[in-house]
Each structure stands twice: as C-alpha cells, then as structure tokens.
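The values are calculated or read from the model by the stated rules, or taken from the named source; none is laboratory data. Keep in mind the model is a prediction, meaning the values are calculated, not measured. Every residue, glycine as well, gets a Cβ built from its backbone with ideal geometry; the counts of neighbours run over all protein chains shown. For the accessible areas, the whole protein counts, side chains as well, though only heavy atoms, and no ligand, DNA or RNA atoms are used. Shrake-Rupley method; radii C 1.70, N 1.55, O 1.52, S 1.80 Å.
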Amino acid sequence: MTTKKVHHMNTGNGESSYARNSYLQGTGFQRSLPVLHEAINGIASNLNGFPKCLNIADLGCPSGPNTLFFVTNIIDSVHVICSEHNIQVPQFQVFLNYLFENDFNTVFRLLPAFYTKVNKKGDECFVLVVPGSFYDRLFTNESVHLFHSSYAVHWLSQVPHGIENNKLNIYMAKTSPTNVFESYRKQLEKDFTKLLRLRSQELIHGGHMILTFPARSIADPTSEDCCVIWELLAKSLVDMVTEGMVQESKVSSFNIPYHTPHEEEVRDIIQKEGSFSLHSLIGFALNWEPYDTDKMNTDVPGIHTAKLIRAVIEPMMATHFGTAVMDMLFKKYEDRLVDHLATKKGMNYNLIISLIKH
C-alpha cells in the first residue's frame, strides 16, 4: 500500500455502523460517560455556569443512529449539572465531523425526530456538519467548549514511511522487522501531536477534550491485545496467496494506517506537545466478541468479531485487493478467529483520556 494520506478511517455508513454499535454494546462508550459528565461539570465550574450556547464537537463521528446517542447524553449531563447547581440550561450547538466523502444523509433523516424529542424537553439544540480531516483545522480560534471522539483517533493520517520490508504483514506483527515498530511510533507521534495542537487552537481556555480509542496494555508492540487480531487477517490473506487468489506482491504492499499506543506513549506525547494537562487516563479491556454469545445467541465465538473487523477495514482492503475476493477473505478470517477463540479469550484494550486546555 502506498503512503498516500488516508486521514481517519470511514466507519460511518453501511455495514460499518455495526462496528460502532458493537463498541457501544461492549460498554466502550458507556465507560466514557462518567468522564464526559465530569468534563462538562468542569466547563461549568471554569466558566461560573454555562455560556448561553455550549459548543460541542464530535470528531470522526459515525453517520448512523448512534451519532445522536452521544448528543443525547451530553444534553442529559448538562441537565443534571444545571439542576444540581441551580443554573440555566444553555442552548446546544453540536458539530459532527467526518471526512468530506462521508454520507451524512442517514443523520439528516434522523434529525426531525431528534429535534421533536429535544423541543418537548424545552431544549434548543442545533446540529451542524463539519466535513474534513481532524488532522486539519476545522473550527475558528477558541470557539469550542468540548471535543469528543470515540474510536476514531487511532487511525493515522497515512501509512508510515519506510515499511516496505514488512512483507506479508498488514500491521505491526511478531515477524515484523524492527524498523516497522519505530516507523509506526513516529507516525503516531507526528499525528497525535498535530491533533493536540490543532484542537488546542480551537478550544476555549479551560475547555476539555475526551478521547476513547483502542490501545495496548503493555509496552511490547507485538502483544496480543495489539496485534493478533490483525495477524490473523494477514494469515488469511497469505492463505489466499497460496491458493492463487491474491498476488503476494499485493499483500506485501498493504499496511493499515492504524496504531494502538501504550499509555506511556500517550502521556509522553501530551507532555511534549504542552497545550493540555492530562486530567485522567483510564484503561480497560473489552471482549472481542461484542455480545455475550452464551446468553444472547448460539453463534460460535469469532463470528461477530469477523463482522466487526470487516465493517471497519473492508473499504480500504477492497480498494487495494478488489471487491471480488472480500467474501472469501473474510470467510477464511472468520474460520481463523473461531479456531483462535476456541482456546483463547480475545481481549481488546482501550484508553479513555480526559484533557484540559491550559
């Protein structure tokens, strides 16, 4: 895969809504709600109440029904805080950010019912779409009170340079040359630094930013909570090379613009960039399977995971390998996941970080 810019990955339409819904079902977003509530409380405290209009931006949001789930929880938190402190509920201006090519028609169709629900509570909420990459400027200086992003900022702006020797791997793997790990680390540092710098220009002083994203629990970049889920996909591609269905050169030239950092990497970048103080950092593990298969259905563990990963990565893979091989590829991947989860428990480590602009 070339090192062209890809910005953040499109997980906002079609089957990809399954991916975001799975994270919600797996409590990823729910884990961030207390942090989000604390941030909103901090904004009210810093400003001695809320401004007349509270400006909130969701970076890399989906364009499905879960988009407004975030907005609803923000409004509910503000109501609780206003009731506790006997202050007036503000107007809400919510900016939904995603790439230029993202289809927001699903969100637009949801807005009439959402506005009706909001108006019945006596609230005024205005939803605006802000297309563009979050690795570029998006808003005017000091105009946003709260930034939020859920499962988006782990996508890099591009595939790291200099990893052409990462043969038959699609990400960092146990068999990757040492330079691959360093190249991914450098790309993360470059992109995350830029994200912090740009958002600090757009946030008010004392404004908050809440980011939730996949990470890894230990420093070793080949740890299973980081790489194994992608190694199994790479092995499925190699199976297809062996069967003559995919060219080996195609696999060797494909790497994903994705990085799951260790928390110390995150802390170090935040400290070096210098615009934010790290208010809190919470790590937690989620099961690969987005549902409790023992209680909710009879599917074999691995099937839902394969659907989730397909929803996330298929658009990029189809562009590189062609759509014709996608069904076979993800059937092989499903089989490998089922075999893996028959003897091991797949866990996905995550971080929630709460930042305050100095």
Go through segment 252-345 and tell me which helices (runs of 4 or more DSSP H), entirely inside it, have 3 or more residues that are under 26 Å from N179 (Cα atoms) and open to solvent by 60 Å² or more (accessible area, probe 1.4 Å).
263-273
Tally time: how many residues in segment 27-70 are of a type outside the set (V, I, T) and modelled with pLDDT of 90 or more?
25
Looking at segment 76-96 only, could you name the residues that are outside any loop (DSSP other than H, G, I, E, B) and open to solvent by 10 Å² or more (accessible area, probe 1.4 Å)?
D76, S77, H79, V80, S83, E84, H85, Q91, Q93, F95
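Matching residues to (1) surrounded by 19 or more Cβ atoms within 10 Å (Cβ to Cβ); (2) hydroxyl-bearing (S, T, Y); (3) closer than 22 Å to N97 by Cα; (4) out of contact with any Lys or Arg (no Cβ under 7 Å at 6 or more places or on another chain):
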position: V127; (1), (2), (3), (4): yes, no, yes, yes
position: G132; (1), (2), (3), (4): no, no, yes, yes
position: L146; (1), (2), (3), (4): yes, no, yes, yes
position: V153; (1), (2), (3), (4): yes, no, yes, yes
position: E182; (1), (2), (3), (4): no, no, no, yes
position: K186; (1), (2), (3), (4): no, no, no, yes
position: R197; (1), (2), (3), (4): no, no, yes, yes
Condition broken by T72, with the remaining ones in (1) in a helix (DSSP H, G or I); (2) over 28 Å from the mean Cα position of the chain (by Cα) satisfied
(2)
Taking the condition in contact (Cβ under 8 Å) with a residue 60 or more places away in the chain, over 25 Å from K235 (Cα atoms) and open to solvent by 20 Å² or more (accessible area, probe 1.4 Å), does T193 pass?
yes
Those residues that are in a loop (DSSP other than H, G, I, E, B), among the polar types (S, T, N, Q) and either open to solvent by 10 Å² or more (accessible area, probe 1.4 Å) or free of Cβ contacts under 8 Å to residues at least 60 places away in the same chain (or both), I need them from segment 158-173; list them, please.
N165, N169
